[in-house]
Every structure is written in structure tokens, then in C-alpha cells.
Amino acid sequence: MARFIARRLASMVLVLFAVSVLTFLIFNVIPNGDPAVRMAGKQPTEQQIEAIRKEWGFDKNIVVQYGTTMKKLFTGDMVSYFTQLSVTKEIWKGLPRTLSLAIGAAIIWMLFGVALGLYSAMRAGGISDRLLTVLALIGISMPVFWIGALMNQYLGFELSNKLGFELFPNGGYVEFTDNPFEWFRHLILPWFALAILFIGVYSRVLRSNILDTVNEDFVRTARAKGLSERQVLLKHVLRNSLIPVVTLWGLDFAVVIGGGAILTETVFNLQGVGQYAADAIGQLDVPPILAVTMFGAFFVVFFNTVVDIVYAALDPRIRLESGETAT
Amino acid sequence: MSAPLLSVRDLKVDFRTEDGVVHAVDNVSFDVAPGEVVAVVGESGSGKSVTAMTLMGLTRSPNAEISGQATLGDIDLIRASDEQMRSVRAERLAMIFQDPMTSLNPVYRVGDQIVEVLRAHREIEKEEAHDRAVELLRLVGIPAPAERARAYPHEFSGGMRQRAMIAMALALEPEILIADEPTTALDVTIQAQILRLLKKFNEERDLAVILITHDLGVVADIADRVLVMYGGRVIENGTLDQIFYDPQHPYTWGLLGSVMRLDRPRAARLAQIKGQPPSLLNPPQGCHFRPRCPHEFGKCQEVPGLEARSGESGHLDRCWLNPEQKRNLRVMESGEIGLEAPAA
């Protein structure tokens, strides 16, 4: 297992390098024209452009350019030429907000997805199963900007007016370290708005996995051993059905952090990394977009690796397939 | 004969499907004495496996209609509650399956899967259960059992997995082991090892075995008694010698005649039974073998009962022909019994 992890981590570094090169090429080399001009924003002076060209090394060869870009990215001296703010600092500021949103939503969608999927599978073909199928489809079909806006309007705004106090605040964010309760209260609506889609998907995936696994020979063996139906279901059926779902979970979590939360953050004004990216895109502010793209890509690659390792821990056969003898 | 350990009477299993009702098992009756090896033979779809799974309570479902009796000691396996069945399984009646490749859960260590069965039925500490699991693996002939107990099923060969399945099945020292085609998925050399292992436990521990198979070679190796099933019914029930040397039912003749044998002059073609096995959705009236039987006559429209007709005690069959006719009609080819001479 240790060797497996080491190999995975090594290949992660390679992929990250490739991703960084690609991102650099996409932003600075492939588009036509002078990258310094694109970065400088609207109506820059000749001096400004010249300064940016020097700073980023756009007058040097491509390898130097790549090196400079990476250095700026990791040392934190990348600046937006619109706001004059440090891009790295802004991302660090938004990160706890994005993480709070993603982690909470991921827990919610996993819990609800598993509970509903399990329930659906146990009642397969019945009325409650069909009802859940329809609900899941509705959940999957509702765009987050729409459901988020509805939540804001009815649960945030109108409910508060009716009750005379704010049960759910209308957007905004409070640091966990400032007030955990307020942090929680501000995040409930965004969590569910983001999670609804995934709850629908996960309950469907788990349901079909369970219905496949139930017919496996080892489940019959488990029954023949005289285990209780509960043990058969949880230890044998659910345990094996969850493996692909856990994989999906890691990947979706990474995607949400790496940009998937843009809409949710914007609708609820959470000021996370996603909203930062959305604002930058709105202004065609290149350095933040470049940085957030790298940041998102890194998260996706990193969680891919984590998922691989977790998958190997959950399913011992994977370790063998990668040329590893089990310990 | 001592009192039977398991007594099955008039077992019927019907499954409702979209196409109609499948009569998978039709009036099956037989006994298993303590320490006896009973082989159940018949082609695919003859109801062997369904009979066995029903005894384990594994065919219970809203679509299944099960009637009859199956008494094991003081319990009727057909009427027992699910909770009662749970305590019978592995404890008194254990089962191993055809495909050892898929019968073990791939994500748990082999030892832990044996520990699981011990702890489901006994108040026993984990460590003690683990030691017992290792001991069981040693007993079924797995080398270095302490290490192998920590391995996962995919690190075992097919034969090793079947051994592990047997260890699991024998963990609680059941009275009866049902082996559903335990060697079908294995290499011939491994088959012999597994059979020898089953025979060993049968002899050393007086374990009764219900061996389901379509391989008559396997039957000849270890069975005491043979049930021949066809179209959901037991059509003949006798001792090994009675079935092999004095078979009463034409289907049994055909079955014996179609065995490939190396010690017999090579026929142009292997003898076969003409026609198709009956559809259990819509079985033929009367004797199920009637449409394929060259000796059918008017009476075969009625279902023959499973009775002693040959004159020997304990040898039952479902064929209307009288013993005299049977002895004359079966084909004897170089000392071997068959239904019809193989086509040239």
C-alpha cells in the first residue's frame, strides 16, 4: 500500500506539471496578440504595458516566461491590474468560504444521497421508489442559480418578513472563528442549493449499484452464513455498492472547489474563490483568472490522487491490478 | 435404516414470472440419513439447485410459492420464520456454491469472512474467532493458514477459494452440507481434491452431504445414494449401485449412456438423449420425460408416483413400465446401459 501511495503521489506531481504548462500556454501563448496588453486591462498607458511586459518576462523566451509565471503564482506577487490587489491574497481570503461551502454541501449530499438511495433500492419498484426517482430527476434538473434565487426569495427574504426575524439570512458569510452559529446559519441555504443536484445523482447511482450488488453470489453466501438481513445489507451489499460512490464523491468535491461553486457563491454572495473568479471573468481581469484556473486544476488533480488512494483502501483488488502485492 | 436427519416431503416451488408460473420443483420427496452422501443429478433446469436453495430458505420471495415439508430435527424448513432460518443456516445446514470466484466478498479478508460466520452465531471474542478461522483453514488443507487468513479472495486460486468456502461452511459443525456443483468451475485435478476433502469430512465427522452435480463421475466417486431429477421431479432414487447397475427410469438410462468413457470402444458419436428438456412454464402432461422417451405408451399421460417398483427396498422410480419390460428395453452396449444405441 505504501508503494502504491508513493507511486500515485509521484504521478500526481507529473500531472500537475503538465497542467501548469497547459494553463500557461492557454493563457499566455495561444491567444493572438500581446499578453501584456490583455493583462493591462482597458485603456492602459504605454508605460503600464511596458512594465507588465518586463514584470512577466514577455520579452524573453517561452521557458523563462513559464518560469516567471509559476514564480509569481507561488510566491504571491501576482497582482490584478484592475484592483491592484494581490491575487494570492484574494484567493486565500476566499478559500475558507469556498471550503466551508464545499465541505458542508458534500457531507449533506453524501448523507442524503446514501439514505435516499438505500431506501429507494430497498423499495425498488414500489411507489416510494418511483416518487424518489421523480424527485431526483427534478433535483438534477434544477439549475443552482434558479433554486438558489428561489431559496433567497422565499426562505431568506419573505420568510423573514413573515416571521419578523431572519431564520435564514439573505446571503452573506460569517467567519467560523467569529461565530460558529452564524457561520452555520448563513451557510444552510447555500449548502442545500448546491447539494440538491448531487443528492439526486448520488441516490440514483447508489440505488442502481445496490440493485446490481444484491444479485452477487457473495451476498447469497452472506445469507447462507446466517447473517441477519441488516448485516447482509450493510456489511455486504452497501459496503460494496459504496465504492464507486465514494470515488464520485472525491471527484465532485474537487470540481466544486475548483470552480463548480461559482454560481452558488455568487447567488448567495459568499465572496469565495468562485465568486472572485466570476468577478474577474466579468472584467476580463487575466491574472486572477489564470491563478484561479491553476488553483482549480490543482484541486482536481490532488483529489483525483486522494480518490485513487481511498479507492485502493476500499477495494483491495485495485492494489493488485497496479502491480502491488497486498501486505 | 436409522431415522433420517432431513426428511423432505412433497416439496413444490413455483415462481410467478412475467411469462407465467414456472413449476421449478414439483413434488420432491427424499430423506437424508446422518452421515450419508446424497447426490442429486440432472441436467440444467431440472430443479436441483432450487430444491437446495429452498431448503436453505434462499428462494423465499414474494414471487415464490413454496409448499410441502422439509423437517430437520424439530424444524420445518419450509414453515420456519426468517429468524429461525437464520439460526439454522451455517449452524445445522450449510451450503457451498458453484462458483468460488464470486462467492466470497472481494473486499474482506478470507479469515474475516470466516470470523463473521462464527461471530454471527456464537458469543465469541474476535481473537478467538480468528484463531478458530486459521484452524479451519488448516483443516481444509490451506498451507500457511495464519498468513492466508489475512489474504483477500482475489489472492486465492479457485480451488483455494472453494476450500475457504468449505472452511466457512463447516465453521459451526453443521449436520448437513449442501454442495451445489462445488467442482464445476474448477480444474479436473482440483475437482478430485475438493471431492476428497468433502469425503474426508463426511467420514471423519459424520457430516451428511447433499451433493448437487451433473457429473456422474463425481457421483460414482463419493455418493451413497443418488436422486435423479428431471423437469422438477425426482424420477429415480436409489443407492449408488442400484442407480448405476439397475437403473429403472429410461431417463437414467439415457444419462448413463451419454457418459463419455475412456475404457470403452470409441463410438462414432457420443450417445445423446434426443429432444429438449421440458419447459417448466408449460410442462408436458403426465410423465415429464414422455416426449423424449422411445418407450412411452398410453399410461404415460398420467403422472407416475415415486414408488418402489423394482422389488428392491429403497429403490424408487417414476416410470409406468414394469421391471421385466425395463430390463428388456434398456440398451446394453458392451456391458454398459443406455437408452438407445448411439447413432452411427
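Throughout, read-outs are computed from the coordinates displayed, never taken from laboratory work. None of the values given here were measured: they were computed from a predicted structure. Don't worry about glycine lacking a Cβ; one is built from the backbone with ideal geometry, like all the others, and counts go over all protein chains shown.
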**Report entry** Cα-based helix-to-principal-axis angle, A:46-56 vs chain A, degrees rounded to 10
**Finding:** 50
Query raised in the report: Using r as the Cβ-Cβ distance of B:T239 and A:Y119, and R0 as 51 Å, what FRET efficiency do you calculate, to the nearest 0.05?
Result: 0.45
Query raised in the report: Which angle between 0 and 90 degrees, to the nearest 10, do you get for helix A:286-314 versus the longest principal axis of chain A when only C-alpha atoms count?
Result: 30
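Is there a pair in B:K199/B:K274; A:K72/A:K93; B:K12/B:K299; A:K235/B:K48 whose C-alpha atoms are over 26 Å apart, and which pairs would that be?
Details: B:K199/B:K274 35 Å; A:K72/A:K93 18 Å; B:K12/B:K299 24 Å; A:K235/B:K48 30 Å.
Among B:K199/B:K274; A:K72/A:K93; B:K12/B:K299; A:K235/B:K48, the Cα-Cα distance tops 26 Å for B:K199/B:K274; A:K235/B:K48.
Pulled fully out, how much extra length does the chain show between A:S228 and A:V134, if you take 0.36 nm times their separation in residues and subtract their Cα-Cα distance? Display every interim value, and only then the final one.
Details: separation 94, 0.36 × 94 = 33.84 nm, distance 3.17 nm.
The A:S228-A:V134 span can extend by a further 30.7 nm.
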Report summary line: Rounded to one decimal in nm, the spacing of the 7 Å Cα→Cβ label points at A:V310 and A:N269 is 3.4
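Around B:N202, what is the net charge, scoring Lys/Arg as +1 and Asp/Glu as -1 over all other residues with Cβ under 10 Å from its Cβ?
On the way: positive: B:K199, B:K200, B:R205; negative: B:E36, B:E203, B:E204, B:D206, B:D224.
Net charge around B:N202: -2.
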Query raised in the report: Which far-off residues, 5 or more places away or on another chain, put their amide H under 5 Å from the one on B:V234, with H placed in the peptide plane?
Result: B:S29
Requested in this report: Have a look at the DSSP beta bridges in region B:6-223 and tell me what percent are antiparallel, nearest 5.
Outcome: 55
**Report entry** ³J(HN,Hα) computed for each position of region A:79-95 - Karplus, 6.51 cos²θ - 1.76 cosθ + 1.60, integer Hz, glycine/proline x
**Finding:** 10, 7, 7, 8, 9, 6, 8, 5, 5, 4, 4, 5, 5, 4, 5, x, 4
Query raised in the report: Tilt of helix A:2-24 relative to the longest C-alpha principal axis of chain A, in degrees (0 to 90, nearest 10)?
Result: 40
Query raised in the report: Taking H as built 1.01 Å from N, whose amide H comes closer than 5 Å to the amide H of B:V40, not counting residues under 5 places away?
Result: B:L211, B:I212, B:T213, B:L227
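Among rounded, prolate and oblate, which fits region B:247-338 when a ≥ b ≥ c are the square roots of the eigenvalues of its C-alpha gyration tensor, a/c under 1.5 means rounded, and a/b larger than b/c means prolate?
Values: a/c = 2.20, a/b = 1.33, b/c = 1.66.
Oblate shape, in that a/c is at least 1.5 and b/c is the bigger or equal ratio.
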Query raised in the report: How far apart, in nm, are the 7 Å Cα→Cβ label points at A:D34 and A:F74?
Result: 3.0
Query raised in the report: How far apart, in nm, are the 7 Å Cα→Cβ label points at B:K126 and B:Q193?
Result: 3.2
Requested in this report: Subtract the Cα-Cα distance of A:V15 and A:L159 from 0.36 nm times their separation in residues, and report this length gain in nm to one decimal.
Outcome: 47.0 nm
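Multiply the residue gap between B:L329 and B:E302 by 0.36 nm, knock off their C-alpha separation, and tell me the result in nm, one decimal place. Show your work: numbers first, answer last.
Details: separation 27, 0.36 × 27 = 9.72 nm, distance 2.06 nm.
Once the chain is fully extended between B:L329 and B:E302, it gains 7.7 nm.
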Query raised in the report: Considering the dipole of region A:11-138 built from charges on the beta carbon (Lys and Arg +1, Asp and Glu -1) around the Cα centre, which of A:L25, A:S100, A:F58 is farthest to its positive end?
Result: A:S100
Query raised in the report: Restricting attention to region B:64-101, which trypsin sites (Lys or Arg not before Pro) occupy a DSSP loop and are surrounded by at most 15 other Cβ atoms within 10 Å?
Result: B:R79
Query raised in the report: Counting only the backbone N, which residues of region B:18-55 are under 11 Å from the spot 7 Å out from the Cα of B:A80 toward its beta-carbon?
Result: B:55
Query - Computed over region B:247-338: relative contact order in percent, which uses C-alpha pairs under 8 Å that are six or more apart - result: 31
Requested in this report: Grab the beta carbon distance between B:S258 and A:D212, set R0 = 41 Å, and tell me the FRET efficiency rounded to 0.05.
Outcome: 0.65
Query raised in the report: Among B:V13, B:G158, A:L314, whose Cα lies farthest out toward the positive end of the dipole of the protein assembly as shown, if unit charges sit on the beta carbon of Lys, Arg (+1) and Asp, Glu (-1)?
Result: A:L314
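Quick one: longest stretch of chain B between exposed loop GluC sites (Glu not before Pro), exposed meaning at most 12 other C-beta atoms within 10 Å and loop per DSSP? Walk me through the intermediate numbers first.
Details: sites that count: B:E18, B:E123, B:E125, B:E302.
With a cap of 12 other Cβ atoms within 10 Å, the longest stretch comes to B:126-301.
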Report task. Report, in debye and to the nearest 20, how large the dipole of region B:6-223 comes out about its Cα centre when Lys and Arg carry +1 and Asp and Glu carry -1 on their Cβ. Result -> 360
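Write down the percent of antiparallel bridges among all DSSP beta bridges whose residues are both part of the protein assembly as shown, to the nearest 5.
On the way: 33 of 52 bridges.
Around 65 percent antiparallel, to the nearest 5.
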**Report entry** Lys/Arg +1, Asp/Glu -1 at C-beta; region B:247-338 dipole; positive extreme among B:P294, B:Q248, B:P304
**Finding:** B:P294
